[in-house]
1. With all protein chains present and a 1.4 Å probe, how do A:S207, A:S284 order by accessible area, largest first?
2. I want to verify the translational diffusion coefficient of the stretch B:70-197 in µm²/s; compute it with Stokes-Einstein, Rh as the Kirkwood radius over Cα pairs, at 25 °C and 0.890 mPa s.
3. Through the Karplus equation 6.51 cos²θ - 1.76 cosθ + 1.60, θ set to phi - 60°, convert the phi angles of the stretch A:177-183 into ³J(HN,Hα) values in whole Hz; use x for Gly and Pro.
4. Using only Cα positions of the stretch A:185-238, each an equal point scatterer, no hydration layer, compute I(q)/I(0) via Debye at q = 0.13, 0.26 Å⁻¹ and quote the log10 values to two decimals.
5. For the stretch A:187-287, what value does the Rg/Rh ratio take when both radii are computed over Cα atoms and Rh is the Kirkwood radius, given to two decimals?
6. Write down the accessible area per residue of the stretch A:227-278 in Å², having rolled a 1.4 Å probe over the full set of protein chains.
7. Starting from the Cα of A:K241, draw a straight line to each of the aspartates and glutamates and keep only those under 15 Å, dropping any in the same chain fewer than 8 residues away.
8. What total accessible surface area, summed over both chains, is buried at the interface between chains B and A, computed with a 1.4 Å probe and given in Å² to the nearest 100?
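The values are calculated or read from the model by the stated rules, or taken from the named source; none is laboratory data. This is a predicted model, so every value here is computed, not measured. All Cβ positions, even for glycine, are placed from backbone atoms using ideal geometry, and neighbour counts span all protein chains on display. The accessibility values were calculated without ligands, DNA or RNA, using every heavy atom of the protein model including side chains. Shrake-Rupley method; radii C 1.70, N 1.55, O 1.52, S 1.80 Å.
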Amino acid sequence: MLRFIIRRLIQMVGVVIVLSALVFAWLKVLPGGTVGALLGERATPERRAAMEKALGLDQPIYVQYWEFVKRAVRGEFGASTSVQPGTDAMDVFLTRFPATIELAVCALVIAVLLGVPLGYLAARRRASWFDNVSIVSSLVGIAVPVFFLAFMLQYVFAVKLHWLPVSGRQDPDVNGTRVTGFFILDGLLTREFDASWNAIKHLILPSIALATIPFAVVFRITRASVLEVLDEDYVRTAESKGLTNRVIRGRHVLRNALLPVVTTIGLQTGGLLVGAVLTERVFSWGGLGDALALAFTRRDYAVLQVCILMATVTFVVVNLLVDIAYAVIDPRVRTR
Amino acid sequence: MPNPLNPRSKKDRIDALAASAGDPATTGSSGGGTVGGTTAVATIDDAGHVEETAGVSLFASAWSRLRRNPVFLIGLGITGAFVLLAIFAPWIAPHDPAARLLLDEIRPQSNPIPAAREGFPLGADNIGRDIFSRLIVGSRQTLLVGVMATFFGLVGGLTLGTIAGAFGGWVDSVVMRVVDVMLSIPSLLLAFSIAAIAARPSQWTVIIAIAVVQVPIFARLLRGSMLAQRASDHVLAARALGVKESAIVFRHMLPNSLGPVIVQSTLVVATSIIDAAALSFLGLGNPDDRKPEWGQMLGASQQFIYDHPALAVWPALCIIVVALGFTLMGESLREALDPKSRR
């Protein structure tokens with residue numbers, strides 16, 4: 001087990017190193033290069049030269065890369081230019097991180113709580129109308145552009161019906177005490193339950209919009225996986241031994257069928273992040289996704305660097321954790 | 001349910017593998033190429049009956065089931081209609097999609113979007129161009145983006161996957177590490193980053209950005225099935241017969257590994273169209289809107305979304321229907337080509 005974890009950790013370090021080189025190369029090929037990116041419209045030849053010297057861009061490329069890595073490890077990516085002008089990009093990332101986690105976790109919970117039971121039911125009633133309807137609706141869910149769905153939810157339930165707030169994470173007049181940056185948790189910790197409730201109301205529409213694609217994926221994987229397990233010899237053996245349906249379903253079918261679902265959930269973290277870029281923009285959520293969307297539109301390269309690096313590292317770490325969890329649940333994986 | 005005492009279900013699977021392996025010419029072509037003479041293959045339910053159609057290829061048998069699958073037929077219908085529309089769009093559209101016909105009626109404050117009227121069933125956009133014509137003509141660019149992004153992704157993935165799967169060993173390790181790193185970047189984030197590199201965004205930068213994301217997926221898929229082929233008996237047989245290595249790769253392994261890749265490309269056309277819309281939404285899309293594209297129309301409509309949601313709804317509906325068409329087709333293809341579902 002330990003050897004498995006160590007092997008995966010080494011692999012992960014390799015991925016992160018290659019990734020840093022990719023981000024470095026990416027910065028080099030951006031229109032106008034690093035200096036143009038940082039100076040933007042203020043670029044003059046003199047300023048350019050001064051900036052190049054200051055940033056060490058007159059040095060050979062491997063020295064530059066090494067400097068980049070050193071700064072990246074220390075979390076120095078420079079100041080944000082347009083998302084939150086003047087603020088250190090790392091701080092932009094850190095202050096916005098909880099907002100995105102709150103949204104992503106909520107969306108993932110919705111996706112799993114709906115996707116797994118529905119997928120199981122659909123598999124058990126294969127080819128029934130329930131099965132067909134849920135398959136087609138999961139396919140429709142994948143076909144809808146996320147930001148369009150977000151806009152429509154916002155338009156119908158917030159702008160027209162006024163059932164839920166239009167945007168943001170909390171009404172400005174709520175003014176809850178900040179402890180962790182997770183607004184629902186903050187309200188619970190400080191016993192400002194109305195602040196939590198307000199945050200929950202703000203969370204509903206964005207997390208539904210964000211949950212559609214993970215839901216569709218989890219649903220389909222669960223269904224396919226349950227179908228496969230139902231067909232296994234050990235399930236037939238369990239049936240012929242005369243075990244009760246409850247034991248067969250719980251211990252033999254669900255447990256084995258959920259293994260691929262665990263992996264899928266890990267892979268969905270990447271999808272959630274991308275979905276967050278689009279969803280948060282629509283709801284002005286003020287999280288990482290929002291920052292990334294703004295940074296792409298307004299070309300804030302300091303923020304982009306931090307967010308892309310950290311997002312990818314998070315994605316890699318989550319998948320490492322999922323792999324370890326997987327190895328714990330299923331001993332067969334370790335030997336591979 | 002398969003009966004364990006009846007060996008036919010198992011034999012069916014082996015037949016499927018053997019048949020698809022035995023006839024690379026058929027498996028290499030798409031499903032539509034092998035019609036005829038294969039009716040009622042998989043429907044014989046006589047328990048004692050010995051199958052005499054063992055030589056039917058996987059694609060032929062898949063087609064015989066697909067023809068009766070309503071999900072596939074709906075997908076095929078939507079896709080077919082979309083392609084026809086894209087081909088004949090300029091002759092169908094009532095107006096020139098770039099002409100600002102209703103420009104005179106626009107008042108920036110009171111009436112930014114001209115309403116529907118005779119000859120303009122869906123109204124016009126913010127510079128007076130007929131939405132209906134733009135939607136019809138937009139099918140062309142949308143198809144182009146979807147197909148070209150898939151094509152480039154496929155070519156890149158096929159190259160990497162073939163190299164990795166054909167050589168194995170350290171070449172495989174190096175290629176797959178690169179692929180793993182590409183896969184470790186959340187897909188659309190990679191597309192956004194690549195699109196951001198473009199100094200002058202155009203349709204082609206959008207296509208390339210979307211295509212690059214697909215490369216690692218195709219590469220992994222192809223490498224997986226190539227490795228499976230490598231270990232299979234027919235490759236061993238070819239090797240024992242002294243067939244050249246290049247011939248083994250290109251005539252025995254590659255054609256037999258293409259099934260999952262074809263399915264995947266059908267699905268990728270759908271995601272490419274949706275991704276193009278996301279790029280436009282973030283302002284990373286093609287700024288030139290003289291030739292309309294649905295994703296671009298949807299992305300541009302966001303500034304009017306609260307007052308004139310119809311402007312977003314029409315292109316979005318088009319995208320959803322077409323993406324659904326490709327997905328329905330791809331998913332039923334996947335199911336039909338899966339030897340396990342061949343009962």
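1. Sorted by accessible area, descending: A:S284, A:S207.
2. 131
3. Per-residue couplings from phi come out as 6, 9, 10, 9, x, 8, 5 Hz.
4. -0.59, -0.92
5. Working: Rg = 19.7 Å, Rh = 16.5 Å.
Dividing the radius of gyration by the Kirkwood radius yields 1.19.
6. On a per-residue basis, 51 Å².
7. Counting by Cα, and skipping residues close in sequence, A:K241 has these aspartates and glutamates nearby: A:E232, A:D233.
8. 3800
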